[in-house]
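Quick notes on the structure that follows.
Every read-out reported here was derived from the displayed coordinates using simple, explicitly stated rules and does not represent laboratory data. This is a predicted model, so every value here is computed, not measured. Using ideal geometry, Cβ is built from the backbone for each residue, glycine included, and neighbour counts are taken over all protein chains shown.
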Amino acid sequence: MKRRTILTLLVVVLATALMARPKPKYIFYMIGDGMGLNQVAATEMYLAECDGYIGRKPLCMTSFPVTGLITTFSESNGITDSSAAGTALAAGVKTTNGTLGLTGKGEHYKTIAEQLHQNGWNIGIMTSVSIDHATPGAFYAHVTERSDYYTVGTQLPESEFEFFAGATFYKPYLENKPEAPNVYDLCNKAGYKFYHGYDDFINNGVGADRAILIQKHEGLENTYLGKGNLPYAIDRKGDELTLEQITDAAIVFLQKKEKPFFMMVEGGQIDWASHSNDAATVIQETIDFDKAIRRAYKFYSEHPEETLIVVTADHETGGMALGNHKYTLNLQLLQNQKASVAAISDRLKKMKEEKGKKLTYDEVKALFQETLGLYDVVEVSKDDDAKLRATFKQMMKNKAHDTKTLYASLNALAAKAVQLLDRKAHIGWTTGAHSGAPVPVYAVGAGAENFTGVYDNTEVMKRMLKLAEED
Ligand SMILES: [Zn+2]
């Protein structure tokens, strides 16, 4: 062969290699529900303050080389709900608030999980809330009302996806229609095996064809966990199931089949804590979600050419702001909070039930001291003390109505105490609902560069699918 021909050949080979489209074989789609830019920034600045400096201590997700911003409005509203946002992220279409997996006109689009499954990929859908909730549901269900949790659940086994995980099902049966099949039975019939907790799964579930990993249920009665969620990271005890364990379980389970895999991992309770305007819990949930991301990143480090990780959010919740007073933040104060507002509320309700009229304000103060550091390391002014005492008096007359959030009914006094701590940390909240703010995208791995820029939430799935599809 002539030297010139060899040279030409070399150039062609090199050019082809350079032009070859990165083709991920393993995709992690990680969604922090309600995780706006400030939820992330507050977490990083909090971690820095706890280490004694002003600045940011980077999370794993923000260390990714590619960042983008996505708009989140829905077809019907400037401020989306989780079902319309989930549908945009999963199926690439805008829909109306409340609709899950269908357009506003009821048209049915295949989600990225359904399309890849059809192409022979293994699929995992995981969350820290209930598996029939809006974000996980958006990947396998198609219903006109996201609140129809039962129907969402019944559609899960129809997906035939290999792996699901979450706290449990929120509505596995219909109270008013006992003859309707229960979701657990439907899943069993479709060949799914249930595993309770990480150890049960690792010891018994790895060889199953289809698996559903849920939490153990003992000891969860009479707590805020009635909506089928995992305990918040800030409240976690013992060997309670974590999102990091769920991610690890999915990697073990989906990888052994030697096929490509796609998994969606939702940090579902950044949203719930933001609905409750509970900054310390938001921060701990964000750190916890980042641990799941770190687990995915470890997998990426072992398969860098074939793995794509995209982290984003469905919307921002709470209108969380860094600053409510001059030019000061005091985020490290949030270290003193040892329980979520939901857990503090549970304890206060229980104290009131048990002690009745004998409950004293000193006992409540002791609770706030233990769980929030108030009246101890966190100073409470005379004014603030008077306000808390006034709410206590109202509560004792049964006139302090619960503060209702989307997913919780919080004791008004517990909510006020946490509001006080957040105010002193100089965190602001504009709403108990969602906001219309754009949300971040962080990406690393094969094809990650496609996720830079400012674009719409419907684009994420389209760009991901394009990378994953056959040539
Ligand atoms: Zn959401």
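Cα gyration tensor of the range 244-322, axes a ≥ b ≥ c as square roots of the eigenvalues: rounded (a/c below 1.5), prolate (a/b > b/c) or oblate? The shape class here is prolate. Selection among 229, 310, 428 by position relative to the dipole of the chain gives 428 as farthest towards the positive end (Cβ unit charges, Cα centre).
Under Stokes-Einstein, with the Kirkwood radius over Cα pairs as Rh, the value for the range 332-425 at 25 °C and 0.890 mPa s is 185 µm²/s. Every helix of 4 or more DSSP H residues in the chain counts as -39500 (n - 2.57), and over all residues that averages to -12500 deg cm²/dmol at 222 nm. Prolate is the label for the range 392-471, because a/c, from the alpha-carbon gyration tensor with a ≥ b ≥ c as root eigenvalues, is 1.5 or above and a/b exceeds b/c. Express in whole angstrom the spacing between the alpha-carbon centres of the range 78-97 and the range 163-219. Using only Cα atoms to place each centre, the spacing works out to 27 Å. Note on the chain: Rg/Rh from C-alpha atoms, Kirkwood Rh, equals 1.01. Stokes-Einstein diffusion for the range 50-96 at 20 °C, viscosity 1.002 mPa s, with a Kirkwood radius from C-alpha pairs, works out to 161 µm²/s.
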